[in-house]
Every structure is written in structure tokens, then in C-alpha cells.
Amino acid sequence: MRLVVARCSVDYAGRLSAHLPLATRVLMVKADGSVLIHSDGGSYKPLNWMSPPCSLVVGEPDDAQRAAGITELWTVTAGKTNDKLVVSLFEVLSDSSHELGIDPGLVKDGVEADLQKLLAEQIELLGPGHTLVRREYMTAIGPVDILARDAEGRSVAVELKRRGDIDGVEQLTRYLELMNRDPHLAPVTGVFAAQEIKPQARTLAQDRGIRCLVLDYDAMRGMDDAESRLF
């Protein structure tokens with residue numbers, strides 16, 4: 001991975017047009033060819049980016065551009081469209097490359113892993129007639145925690161979280177968009193399952209047609225002591 005901190009402006013042209021005026025930003029060039037433009041804010045989301053397949057060409061500015069202070073031009077071209085991301089570098093403050101190696105992927109904490117196993121074993125918690133297809137159903141953008149079928153045989157994708165927030169709903173939304181393009185799976189509905197679901201996440205899920213399911217971890221493990229409860 002190459003990380004460049006530079007004063008730059010950025011122009012995107014293609015299906016849409018966007019311009020980032022001159023400022024200091026982080027330019028990230030990943031091994032898969034993707035290029036991401038980050039600012040010191042906005043959490044994890046880049047200001048602009050180009051997803052692979054794409055190509056990066058580093059060029060020299062013309063006389064007018066050099067007179068304006070541009071020292072280097074990056075032109076990133078999408079492999080399947082005419083979209084272009086042009087980064088005009090005015091000053092490079094840092095430029096480093098790092099070999100990250102093979103990433104093992106996201107490892108869920110113990111509770112999430114247990115929830116997945118328990119829900120797969122107790123798939124009827126999704127509703128009467130539901131059956132398990134498989135755990136960790138792989139898609140092109142990552143594994144769906146559980147793929148099931150409802151009583152009518154329709155596909156159901158389940159995303160499991162210990163605490164359900166908006167990011168989890170967004171993650172499930174991306175899975176659903178991709179899976180619904182597969183004629184062997186479509187139509188696919190979504191279930192967002194967690195021990196606790198934040199109100200904002202519930203609102204977003206319901207707006208997107210995603211069902212929410214609150215899981216009782218202790219009850220699923222058979223540790224719910226009825227004698228110690230008031231009701």
C-alpha cells in the first residue's frame with residue numbers, strides 16, 4: 001500500500017462530476033489498484049475514490065498547470081467505464097509504501113460467533129418454517145452471516161451483531177443489493193439480528209424493508225432461569 005500526504009485538488013468526471021478544491025489530504029493506493037482520497041475527518045469514508053479494476057498513470061503538468069503550482073498529475077481511469085479521477089498534486093509532504101501481506105479477514109468476537117452458531121441451530125427464531133441454507137455464505141464483497149429460506153422458500157440473508165448500529169444495516173444493505181442480482185437467490189429479504197438494536201439502526205432498517213430481530217443470548221444458550229425472573 002502506498003500512502004501519500006499531499007496538498008492537492010481532485011476532479012472526478014464520468015457518470016457524475018465532482019471537484020475537491022486545494023487542501024491537504026491523504027492519498028491511498030492499494031495493492032488491488034483502488035485509489036482513495038481521505039481528509040482528516042469523515043470517519044472511514046473517503047472523499048472520493050476509484051474502485052478496481054482501474055489504472056493509475058502519473059504524468060507531468062503542462063506549462064499552464066506548472067505555472068499554477070501543480071507539480072504532478074495522477075490520472076486514474078476506470079477499467080469498465082470512461083470515469084476518470086484526476087489528482088493535481090501541488091506539494092508532497094510524505095510518500096511511503098508498505099507491504100501489508102495477506103489479510104486474514106474480520107474475526108468476530110466470541111459473542112458474535114456464538115450468536116451465529118446458536119441462531120443457525122435455532123433457525124426457527126427467524127419465524128415458523130424457516131430453514132438453514134448455510135452459515136458464512138460468501139459473496140463478492142464478503143460473507144453473509146446466515147443464509148436461510150422462509151416458509152415459502154424465499155432467500156433470507158441474516159446479519160448478526162452484538163450491538164446493532166447503522167453501520168451493520170448499511171453492511172446488510174450492500175449484501176442484499178448484490179444478492180438480489182443473482183437469479184438463483186432473488187428475491188432476497190434481510191434480517192438484522194442483534195442482542196441490542198439502536199433506535200436509529202432500527203429506523204433505517206425498517207425504511208429499507210429489513211426486519212429487525214432482538215436475540216436473547218442467555219435464553220439461546222439455555223441459561224434463562226425462569227425462577228429468578230419476576231415474570
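The values are calculated or read from the model by the stated rules, or taken from the named source; none is laboratory data. All values derive from a computational prediction rather than experimental measurement. Neighbour counts are summed over all protein chains in view; Cβ atoms, including those assigned to glycine, are modelled from backbone coordinates with ideal geometry. For the accessible areas, the whole protein counts, side chains as well, though only heavy atoms, and no ligand, DNA or RNA atoms are used. Shrake-Rupley method; radii C 1.70, N 1.55, O 1.52, S 1.80 Å.
Of note:
- Candidates are the residues of region 19-44 that are charged (D, E, K, R) and closer than 20 Å to Asp103 by Cβ; the one that is most open to solvent (accessible area, probe 1.4 Å) is Asp32.
- Residue check, Arg25 assigned to a strand (DSSP E or B) and not small (Gly, Ala, Ser): yes
- Residue that is farthest from Ser97 (Cα to Cα) [pool: residues in region 2-13 that are touching an Asp or Glu at 6+ places or on another chain (Cβ under 8 Å) and open to solvent by less than 30 Å² (accessible area, probe 1.4 Å)]: Tyr12
- The set of residues in region 1-58 being farther than 18 Å from Thr81 by Cα, among the β-branched types (Val, Ile, Thr) and out of contact with any Phe, Trp or Tyr (no Cβ under 7 Å at 6 or more places or on another chain) consists of Val4, Val5, Val10, Thr24, Val26, Val29.
- Any hit, region 153-175, residues being under 27 Å from Ser43 (Cβ atoms), of a type in the set (Gly, Ala, Ser) and without any contact (Cβ under 8 Å) to a residue 12 or more places away in the chain: no
- Residues in region 195-225 that are aliphatic (A, V, I, L, M) and under 18 Å from the mean Cα position of the chain (by Cα): 4 in all.
- Boolean, Arg66 is open to solvent by 70 Å² or more (accessible area, probe 1.4 Å), modelled with pLDDT under 95 and more than 25 Å from Asp103 (Cβ to Cβ): no
- Highlighted here are the helices (runs of 4 or more DSSP H) found entirely within region 119-231 that include at least 1 residues which are open to solvent by 80 Å² or more (accessible area, probe 1.4 Å): 166-179, 199-207.
- Residue check, Leu16 more than 27 Å from Gly101 (Cβ to Cβ), within 22 Å of the chain's Cα centre (by Cα), of a type in the set (A, V, I, L, M, F, W, C) and open to solvent by 50 Å² or more (accessible area, probe 1.4 Å): yes
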